[in-house]
Amino acid sequence: MRRLTAVLTITIALLGLGALPAVAGGPNNFVVSDATAAATGAATFDTNSRMVVGATGTDEVTSANVARAVAHDCTGCQAIAVAFQAVLVTSDADTVTPRNLAVATNERCTSCAAFAFAFQYVVSTGGPAHLSPGGDRGVAALRREVADDLATDLTPEELNARLTDVGHRFQALVDSEIVHGGGHPNDGRLREQEDRTPA
């Protein structure tokens, strides 16, 4: 049994927390993991991850990147949700208020574990832009790396460190592989991590 199944709830969240906007402008990325007892009564292990790069030309950018992991109503269940998002802002947006949120909870659960990780990078490109073919290949390689990490016997602290490193390399890859009409991307903003435990 993986060490992550210890009695533990970990929540990793980034700045910009709060209620998600009712109407979002720009791409969103939602990753949900739900672990509970199977029909046979056995504990389930649910692991989901997603890494995406999207562009938006809206005047109001409210893109949301959300990872939510819930282990509930069982014994020994494990839920892991991991979300990576890069948003290329191709317009001179009036408002840029992205949201990046990770929530992990155990509900009515014994010896369960929930882990959530979210990483969001928003960059203004000054015009139409997309990733180069090399950038697409690089993102695919990072996705495989994340999948490999999630399949290994890592502690929550080790997994958090690995995913944080992947996030920084994801940001660097996006910056280096943007193809657009003018200049290097400007106004890039990496949203710094902080730990947050639900009440």
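Rundown of residues vs (1) surrounded by 12 or more Cβ atoms within 10 Å (Cβ to Cβ); (2) assigned to a helix (DSSP H, G or I), yes/no style:
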residue	(1), (2)
Asp148	no, yes
Arg162	yes, yes
Val166	yes, yes
Val179	yes, no
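Scanning for something surrounded by 20 or more Cβ atoms within 10 Å (Cβ to Cβ) and either free of Cβ contacts under 8 Å to residues at least 24 places away in the same chain or under 15 Å from Val31 (Cβ atoms) (or both), does the range 119-132 turn up at least one residue? Yes, the range 119-132 has at least one match. What is the residue count in the range 60-77 for residues that are within 18 Å of the chain's Cα centre (by Cα) and either more than 28 Å from Ala113 (Cα to Cα) or not small (Gly, Ala, Ser) (or both)? Count: 7. Scanning the range 90-126 for residues that are charged (D, E, K, R) and either under 22 Å from His168 (Cα atoms) or not in a strand (DSSP E or B) (or both) turns up Asp92, Asp94, Arg99.
Taken together, the values in this text are just the output of simple stated rules run on the coordinates, not laboratory data. What you see is a predicted model, and the numbers here were worked out from it, not measured in a lab. Cβ: placed from backbone, ideal geometry, glycine included. Neighbour counts: every protein chain shown.
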